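Colleague: What follows is a single structure, and I will ask about it in a moment.
Just so it is clear, none of the values below were taken in a lab; they were calculated from the coordinates. This one's a predicted model, so the numbers in the text were calculated from it and none came from an experiment. With ideal geometry, Cβ positions are generated from the backbone for all residues, glycine too; neighbour counts draw on all protein chains shown.
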Amino acid sequence: MHTCRSRAKLSYDDAQCVIDGDEIPDDVKIYGTHSASQVSASIFMLNKLATELRRKRYDYGALKLNSVKLKFELDSEGQPISVSTAELKEANQLIEEFMLLANISVAKKISTAYPEEALLRRHEPPLQRRLVSAYIHVYIYLKYLIKILIG
């Protein structure tokens, strides 16, 4: 059995600083005997690996679902007063890629250990007309939502 041992507690912005070539912020807590440069080297290596994993997934037919993430600013009563789009950065994609890898690994382990009981979803390739229709509906809904929130 493998154990994960955290070497540093990083926010997405902290990891993005490293990916962009900056130093790890001074307020980042690094555990054990590891140095900031070792943590930075690990982030670079993991980002390179995530990029390659993503490329291979796309080469094998994975869908690129670049959904828009909305950020809402709320007033003191919790009511939305503005909306903006959140920028998807490499650090977000790095985490996303390893979350997918973890899910795939667990699914393979389950299907191997319990082949008769495992229930795994398999999807047919989407029909192009359904994708276009879905994108149009999402676009219209988001446009409507933003108009309501911003005015």
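Colleague: Once you've got the GNM for the chain with C-alpha springs shorter than 10 Å, pick whichever of ALA113, ALA86, ALA102 has the biggest mean-square fluctuation.
Modeller: ALA113
Colleague: Mind checking which of PHE44, PHE72, PHE98 has the largest fluctuation in a GNM of the chain, springs on alpha carbons under 10 Å?
Modeller: Its mean-square fluctuation being the largest, the pick is PHE72.
Colleague: Could you give me the ³J(HN,Hα) list for segment 6-20, computed from phi with Karplus coefficients 6.51, -1.76, 1.60 and θ = phi - 60°, whole Hz, x at Gly and Pro?
Modeller: 5, 9, 7, 9, 10, 7, 4, 5, 4, 5, 5, 4, 5, 4, 6
Colleague: Follow-up question, since we're still on this one. Testing the spin-label approximation: label points 7 Å from Cα along Cα→Cβ at ALA113 and GLU77. State their distance in nm.
Modeller: About 5.2 nm, to one decimal.
Colleague: Then there's this: Say we join alpha carbon atoms closer than 10 Å with springs in a Gaussian network model of the chain; which of GLY61, GLY78, GLY21 then has the biggest fluctuation?
Modeller: Comparing GLY61, GLY78, GLY21 in the GNM, the peak value goes to GLY78.
Colleague: Moving on to the next point. Across segment 140-147, in residue order, what do the Karplus-derived ³J(HN,Hα) couplings come to in whole Hz, using 6.51 cos²θ - 1.76 cosθ + 1.60 with θ = phi - 60° and x for Gly and Pro?
Modeller: Calculated HN-Hα couplings, in order: 4, 5, 5, 4, 5, 4, 5, 4 Hz.
Colleague: Report the calculated FRET efficiency for ALA134 and HIS34 (r = Cβ-Cβ distance, R0 = 30 Å), to the nearest 0.05.
Modeller: 0.10
Colleague: Show me, for segment 52-61, the HN-Hα J-couplings you get by feeding each phi into the Karplus relation (A = 6.51, B = -1.76, C = 1.60, θ = phi - 60°), rounded to Hz, glycine and proline as x.
Modeller: Residue by residue, segment 52-61 yields 5, 4, 5, 4, 5, 4, 5, 4, 8, x Hz.
Colleague: Only one of the values (i) 20.2, 55; (ii) 17.6, 58; (iii) 14.4, 40 was calculated from this structure for Rg and Dmax of the Cα atoms in Å; name its label.
Modeller: Checked against the structure: label (i).
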